[in-house]
Amino acid sequence: MSVIEIPVGPQHPALHEPIMLRVRLDGEEVVGVDVVTGYNHRGVEKLSESRSWVRNIYLFSRICGICNTVHQQAYVQGVEKLMGVEPPPRANYIRTIMMELERIHSHMIICAIMAEVIGFDSLFMLMMRDREVVMGLKELIAGNRVHADIHIFGGVKRDIDDKIRDTVLRKLERVEERIKYYRRVFEEDFTIRKRLVDAGVIKYHEAIEYSLVGPTLRGSGVKSDVRADDPYAAYAEIPFNVITRDEGDSWARMLVRLDEALESVYMVRYALEHLPGGPAVPKNIKRAAPPGEVFSRAEAPRGELFYHIISKGGQNPYRVKVRTPSFNNIVNGVFAYRGARLADVPVILTSFDPCISCTERVLVVDESRGVKRYVRLKELSRNQGW
Amino acid sequence: MGEKLIRYSPWLIHFNTGACNGCDIEVLAALTPFFDPERMGVKLAPNPRHADIMVVTGAVTKKAASRLKRLYEQMPSPKYVIAVGACAISGGVFAGSYSTVSGADKVVPVDMYVPGCPPKPEAILDGIVKLLLKVGRGG
Ligand code: SF4
């Protein structure tokens, strides 16, 4: 039987990021998918070796515009461990607030994009409109809508005053109400259920076997979340539930995200109401780190984010290795497409919440080994250690 | 000549050449109801052959550079390019990396630069308006 190959991307009107899937079809049925990446590879890890510890805070947050705060958190908390600096509790709370706001907007944007992918344009527009409220809150606290850049070694760069706190608390009510509404839409809407239920099912043991992370993992019923398993920042003090669902399909993954966004609203509210006193902004910033090696991890909106930082002393890191969640999910998750129909491919891809800029950065490793070519999925999943 | 042709409803095409996503979500935000440029007929074109203005974000990686060139060539004339964000202007934080060419204008002619990291949606829309003024609309 003849197999047809269809390229999807890299310039694609729905996905705002360059990735190419090479989909192999037998009739309507997908027999295989290859992921072609590298369009977004910027060489961040190599660049970081020639920049100072402080400048790198801004470089690493620019690995990904959507999960920038959590990249900063993972990098900064790692370097703080190296330097022996402990951020004050208030700074930890403010960092947590920023990370949770980021999670809300990240989950909203992917649910909106999912709506667009299945052709539900009005829902996309509405969700994007309500997401603007969250962006406004980020701007209010950090001074910038996208790149918060609030972390600094030993604290945060801006404090939250009472006025800001009250505004955020007030606006969160609306966010909460809207997320609850969208959750109901995703749960009950006939069209959405038709497209998402049973699309790209990942079973419990498969999710573990292919080391998937984040909502993709939790959508298959595995209870794993760095915030709960290995608390950092203020997560040990803020109560929250780890959301899981057992269905394992695209629908479950989206509902996990909406429920998590709701949890995040409660967490931001709790953190603001219980904001500890004391300073948050450090007076002096350390600029050099002693020799050493640390691991640091954090839960990005898309799953576990992992930093491995090596210092040989002085102003610059010797080596920083970043392992981002999307790379794992997109590349290892390709088995989920098999047997699906062509029309399901974008739905399944979107349900992994593909963050291509993160993914591409991981390919740094691949290219620096001289493997500069179309990276075939099979090869990648075979040597998962890269 | 050209100005007349895109005078009413310029359609955009957006290409991410290796951005961190920050600029991309802001371009996306600029096109959604909060700002709603669609009431002026400004919207994303489904493919480069329908587009009048290309919005380039990102530091232009070497791999994306050839794609960028190809997309530009596929657009019908008159065509314009807007570079959005520090990365698309000069490489931004990624300038000097072994894998970027640092700046869209190294690959295609750029007509308008919108600075910021990322620029706010208002700034992106302002860039589009300024471009239209520059090419003669109502100017
Ligand atoms: S200019 Fe800033 S926000 Fe835009 S792509 Fe570059 S690093 Fe990201």
Quiz item: Where residues in segment B:70-109 are open to solvent by 30 Å² or more (accessible area, probe 1.4 Å) and aliphatic (A, V, I, L, M), which of them is nearest to the other protein chains (Cβ to nearest Cβ)?
Solution: B:Val93
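Kindly indicate which of B:Ala64, B:Ala59, B:Ala19, B:Ala29 is more than 30 Å from A:Lys46 (Cβ to Cβ) and at the interface with chain A (Cβ under 8 Å from one of its Cβ atoms).
Result of the check over B:Ala64, B:Ala59, B:Ala19, B:Ala29: B:Ala29.
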Quiz item: Is at least one residue of segment B:121-133 within 16 Å of the ligand (Cβ to nearest atom), more than 13 Å from the chain's Cα centre (by Cα), open to solvent by 20 Å² or more (accessible area, probe 1.4 Å) and closer than 17 Å to B:Val42 by Cβ?
Solution: yes
Quiz item: So B:Gly96 fits all but one of (1) within 16 Å of the ligand (Cβ to nearest atom); (2) in contact (Cβ under 8 Å) with a residue 12 or more places away in the chain; what number is the exception?
Solution: (2)
Quiz item: Restricting the search to segment B:113-125, which residues are assigned to a loop (DSSP other than H, G, I, E, B) and more than 9 Å from chain A (Cβ to nearest Cβ)?
Solution: B:Pro115, B:Gly116, B:Pro119
Quiz prompt | Residue under evaluation B:Thr32, criteria (1) more than 15 Å from the ligand (Cβ to nearest atom); (2) surrounded by fewer than 19 Cβ atoms within 10 Å (Cβ to Cβ), criterion not met | solution = (2)
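The values are calculated or read from the model by the stated rules, or taken from the named source; none is laboratory data. Since this is a predicted model, take the numbers as computed values, not measurements. Backbone-built Cβ (ideal geometry, glycine too); neighbour counts: all protein chains shown. The protein model used for the area step is the full one, side chains on, heavy atoms only, and it has no ligands, DNA or RNA in it. Shrake-Rupley method; radii C 1.70, N 1.55, O 1.52, S 1.80 Å.
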